[in-house]
1. Collect the residues in the stretch 240-254 that are free of Cβ contacts under 8 Å to residues at least 24 places away in the same chain, part of a helix (DSSP H, G or I) and under 18 Å from residue 197 (Cβ atoms), keeping them in residue-number order.
2. Name the single residue, out of those in the stretch 212-234 being at pLDDT below 85 and acidic (Asp, Glu), that is nearest to residue 91 (Cα to Cα).
3. Of everything in the stretch 112-149 that's of a type in the set (D, E, K, R) and outside any loop (DSSP other than H, G, I, E, B), which residue is nearest to the chain's Cα centre (by Cα)?
4. Can you name the residue in the stretch 134-173 that is within 24 Å of residue 65 (Cβ to Cβ) and touching a Gly at 6+ places or on another chain (Cβ under 9 Å) and, of all such residues, is surrounded by the fewest Cβ atoms within 10 Å (Cβ to Cβ)?
5. Whether any residue in the stretch 123-138 is of a type in the set (Asp, Glu) and within 26 Å of residue 13 (Cα to Cα) is what I want to check.
6. Does any residue in the stretch 53-75 that is assigned by TED's automatic domain parsing to the domain that holds residue 165 and small (Gly, Ala, Ser) come within less than 6 Å, Cβ to Cβ, of a residue that is modelled with pLDDT under 90 and assigned to a helix (DSSP H, G or I) six or more places away or on a different chain, and which pairs are these?
Amino acid sequence: MSELVHLDVAEGVATITLDSPANRNALSAQLRRELLAHLDAALADDAARVVVLGHSGRVFCSGMDLKEARGAGAADQGVNEVPAILQRIWTAPKPVVAKIGGPARAGGVGLVAACDIAVAATAATFAFSEVRIGVVPAVISVTVLPRLLPRAAHELFLTGETFDAARAVAVGLVNTAVAAEELDDEVARYVEMLRLGAPGALAATKEMLRADRPAAMDDQFAEMLTLSARFFVGEEGQEGMRAFAEKRPPRWAL
């Protein structure tokens, strides 16, 4: 059986590629298993500083494999892997960049939303198509709703309307949209910026961004002062300040 997801690690970047164009990179059981395994491998590999999630073929990801889903219960489909995949991406200590060269639908949009940064080709389109086939975009809402403007979330979840990359940027789903021929360069630009960050500092910053905010501002400032102090006196902070004073790149940026 041919592999449907590939992992390549080079020059500090783990590139995970969905490669099932025959079914529009749908989240089949095999693809889900392989994607989860490759995410785990990339996150465990110290040589990988940044993860890029991309695809082969015209479509980024069409969502769940409906041919497999027909007549199957959730347990039979193994859909518990979908929350695991989204959670791995969302909570990854390493930055994850989505590279979207074509349409994303339903669960595919959930993958986009789970990533820290999403770069799309202007020709890419998006849709929460679940309601149009009688299901609810429930699982993906966990990663999607924190990204979307509330009014847009109601509109797009309830109508299932297809929207373009410019609208995806406007509502917060995607960071930037560029011409197809500029997609590789734009992703590389983000990757190079992310590689300048210290690994520990990036992981702690991601954790901070995910955290619920305390109701009292005093509590939040106290928590953030503790975090800041930990990194100022830590190995990465001290190395970064020495590098700045010595007018050289820090060790992690070499």
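1. Within the stretch 240-254, 241, 242, 243, 244, 251 qualify.
2. 223
3. To start, the set of residues in the stretch 112-149 that are of a type in the set (D, E, K, R) comprises 116, 130, 132, 147.
If we keep only those that are outside any loop (DSSP other than H, G, I, E, B) too, we end up with 130, 132.
Details: 130: 21, 132: 25 Å.
Selected residue: 130.
4. 142
5. Keep residues of the stretch 123-138 that are of a type in the set (Asp, Glu), which gives 130.
Next, only the ones that are within 26 Å of residue 13 (Cα to Cα) stay: none.
No, that holds for no residue.
6. 69/77
The values are calculated or read from the model by the stated rules, or taken from the named source; none is laboratory data. Since we're looking at a predicted model, the values are computed, not measured. Counting neighbours? That spans all protein chains shown, and the Cβs are built from the backbone with ideal geometry, glycine included.
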